[in-house]
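To keep things clear, I will list the structure first and then write my remarks on it.
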Amino acid sequence: NTKIIANTAKRAGGGIEDNSGTSTILLTDVNLDSNIVASAPGNGGGLHITGGGSATIMGGTVNGNSASREGGGLWNGAGLMQVTNTQVNDNIALGASADDGGAGIFNNGGDLTLNNVELKNNMSTGASASGGGLLSLAGDIMIMGSTFESNAANRAGGAIEIIDGNLSITSSTFTQNDVDGTAGMAAPGNGGAIHITGATIATIDSSTFTGNAAGREGGALWNQNGSTMTVSYTTIDGNMAKGDGATFGGGGIFNSGGDLMVMNSAITNNQSMGATGNGGGVHVKNGTAMLMTTTISGNSSANQGGGIYNNASLDVNAVTIANNTATTVGGGIATESTMSVEIKNSIIAT
């Protein structure tokens with residue numbers, strides 16, 4: 001029940017810095033708002049933890065803080081940060097590099113748990129910054145019952161950017177996040193909601209992705225080489241990718257490599273908007289994609305593959321692909337892969 005508001009530091013922790021390496025910070029119904037950390041290097045506008053210290057944050061707000069490099073709201077080191085029933089809104093990170101950003105939360109290799117957390121209007125505004133809501137370099141990230149809304153970055157991951165580690169998302173909502181210019185200029189603008197850069201195991205269950213946008217690839221989700229992404233019982237609806245190039249697009253999901261599995265989900269009303277971009281619902285550039293017991297409907301591409309565009313390995317089983325459109329070829333599926341597409345127990349219609 002304490003307010004820590006409008007404080008300023010130069011190195012780290014505009015509001016709080018823990019440099020003990022062993023402490024556990026407990027914040028209960030605390031307003032950690034409008035604090036600033038300047039450029040030396042400028043990490044953790046609200047809270048910064050150096051080393052292995054931990055933090056438990058319950059209730060309260062982490063709003064309107066600013067960091068000149070990383071972690072506008074919260075910056076976690078090598079320890080465990082647990083955030084529950086908390087607002088993390090309107091924070092800014094100004095760092096310009098690809099591994100700078102994390103305007104809401106920056107995780108430097110520790111473990112992070114978010115339970116019923118709202119992350120809204122956080123912006124990583126640096127020229128190549130990543131992770132408007134959350135940027136994690138490594139560690140285990142667990143997100144439950146949380147909302148990511150209207151967060152933005154310029155390079156990748158409007159809501160979340162994961163470089164390495166594990167990501168688990170359950171019963172969460174991602175709405176109107178973008179890498180399409182809200183934070184400055186798309187560079188290149190991949191993964192409107194979530195972008196995976198390194199070797200990551202990502203599991204997304206019982207969640208919703210709506211109205212997210214990418215300047216180039218992956219309006220909602222973007223998966224990388226060496227990573228495994230599993231999506232189940234999830235709705236991916238009304239997202240868009242604007243990349244103008246044959247290897248760009250993927251209004252709903254873009255699989256740059258690695259293994260993608262989608263089960264018991266709906267991929268609907270997504271758009272690949274670039275004149276030569278492909279894959280309104282799903283774009284499989286490299287790696288493997290398996291779609292099972294899923295509906296792919298109402299998606300569109302300004303070029304090929306209204307429902308799915310494939311240039312790698314695609315397996316479709318017990319899937320309904322209906323009412324998708326493409327301006328050139330493959331309203332349902334377009335494939336230019338040297339490997340055969342396997343389709344079984346499925347409906348491809350209208």
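The values are calculated or read from the model by the stated rules, or taken from the named source; none is laboratory data. Quick caveat: nothing in here was measured; it's all calculated off a predicted structure. Glycine gets a Cβ as well: all are built from the backbone with ideal geometry, and neighbour counts include every protein chain shown. The area values use the complete protein model at the heavy-atom level, side chains included, leaving out ligands, DNA and RNA. Shrake-Rupley method; radii C 1.70, N 1.55, O 1.52, S 1.80 Å.
Select from region 1-19 the residues that are in a strand (DSSP E or B) and of a type outside the set (A, V, I, L, M, F, W, C) and write down the one among them that is least open to solvent (accessible area, probe 1.4 Å).
Filtering region 1-19 for residues in a strand (DSSP E or B) gives 3-5, 8-9, 12, 16-18.
Narrowing further to those that are of a type outside the set (A, V, I, L, M, F, W, C): 3, 8, 17-18.
Values: 3: 150, 8: 104, 17: 62, 18: 12 Å².
This residue is 18.
Residue 63 passes all but one of (1) open to solvent by 10 Å² or more (accessible area, probe 1.4 Å); (2) closer than 24 Å to residue 182 by Cβ; (3) not in a loop (DSSP other than H, G, I, E, B); which number fails?
Unmet condition: (3).
Taking the stated definitions as given, is residue 306 without any contact (Cβ under 8 Å) to a residue 40 or more places away in the chain, buried (at least 24 other Cβ atoms within 10 Å of the Cβ) and part of a loop (DSSP other than H, G, I, E, B)?
Details: without any contact (Cβ under 8 Å) to a residue 40 or more places away in the chain: yes; buried (at least 24 other Cβ atoms within 10 Å of the Cβ): yes; part of a loop (DSSP other than H, G, I, E, B): yes.
Yes; evaluated as a whole, the condition is true for this residue.
Which strands (runs of 3 or more DSSP E) sit wholly inside region 106-212 and have at least 3 residues that are open to solvent by less than 10 Å² (accessible area, probe 1.4 Å), free of Cβ contacts under 8 Å to residues at least 40 places away in the same chain and in contact with a His (Cβ under 6 Å, 6 or more places away or on another chain)?
On the way: elements: 111-115, 118-120, 134-136, 140-144, 147-149, 160-162, 165-170, 173-175, 194-196, 200-205, 208-210.
Ranges flagged: none.
For region 319-333, indicate whether the set of residues that are among the hydroxyl-bearing types (Ser, Thr, Tyr), part of a loop (DSSP other than H, G, I, E, B) and open to solvent by 60 Å² or more (accessible area, probe 1.4 Å) is non-empty.
So in region 319-333, the residues among the hydroxyl-bearing types (Ser, Thr, Tyr) come out as 320, 325, 327-328.
The next check asks that each one be part of a loop (DSSP other than H, G, I, E, B); those that pass are 327-328.
When the remaining residues are screened for being open to solvent by 60 Å² or more (accessible area, probe 1.4 Å), the result is 327-328.
Scanning region 319-333 turns up at least one residue that is among the hydroxyl-bearing types (Ser, Thr, Tyr), part of a loop (DSSP other than H, G, I, E, B) and open to solvent by 60 Å² or more (accessible area, probe 1.4 Å).
When region 20-49 is examined, which residues are found to be part of a strand (DSSP E or B) and of a type in the set (D, E, K, R)?
So the first thing to find is which residues in region 20-49 are part of a strand (DSSP E or B), and the list is 24-28, 31-33, 36-37, 43, 47-49.
Listed by number, the list holds a single entry, 33.
Can you work out which of the residues in region 82-92 that are open to solvent by 10 Å² or more (accessible area, probe 1.4 Å) and part of a loop (DSSP other than H, G, I, E, B) is nearest to residue 192 (Cα to Cα)?
If we take residues in region 82-92 being open to solvent by 10 Å² or more (accessible area, probe 1.4 Å) and part of a loop (DSSP other than H, G, I, E, B), then 90 is nearest to residue 192 (Cα to Cα).
For region 232-242, state whether one or more residues are out of contact with any helix residue (DSSP H, G or I) (no Cβ under 6 Å at 6 or more places or on another chain), modelled with pLDDT under 95, open to solvent by 10 Å² or more (accessible area, probe 1.4 Å) and not hydrophobic (A, V, I, L, M, F, W, C). First the steps, then the outcome.
Step one: filter region 232-242 for residues out of contact with any helix residue (DSSP H, G or I) (no Cβ under 6 Å at 6 or more places or on another chain), giving 232-242.
Within this subset, residues satisfying the condition of being modelled with pLDDT under 95 are none.
No.
Given (1) part of a loop (DSSP other than H, G, I, E, B); (2) open to solvent by 10 Å² or more (accessible area, probe 1.4 Å), identify the lone condition not met by residue 95.
So the condition that residue 95 fails would be (2).
Determine whether region 276-293 contains at least one residue that is modelled with pLDDT of 95 or more, open to solvent by 10 Å² or more (accessible area, probe 1.4 Å), among the small types (Gly, Ala, Ser) and over 22 Å from residue 200 (Cβ atoms). So that I can check it myself, show each step before the final result.
Going through region 276-293, the residues modelled with pLDDT of 95 or more turn out to be 276-293.
Of the ones still in play, those that are also open to solvent by 10 Å² or more (accessible area, probe 1.4 Å) are 276, 285-288, 290, 292-293.
Going one step further and asking which of them are among the small types (Gly, Ala, Ser), we end up with 287.
Adding the requirement that they be over 22 Å from residue 200 (Cβ atoms) leaves none.
There is no residue in region 276-293 that is modelled with pLDDT of 95 or more, open to solvent by 10 Å² or more (accessible area, probe 1.4 Å), among the small types (Gly, Ala, Ser) and over 22 Å from residue 200 (Cβ atoms).
Return the residue satisfying two criteria in turn: it lies in region 35-48 and is free of Cβ contacts under 8 Å to residues at least 40 places away in the same chain and buried (at least 20 other Cβ atoms within 10 Å of the Cβ), and of such residues it is nearest to residue 139 (Cα to Cα).
48
Restricting attention to region 213-263, report how many residues are over 17 Å from residue 274 (Cα atoms) and in a loop (DSSP other than H, G, I, E, B).
Qualifying residue count, region 213-263: 9.
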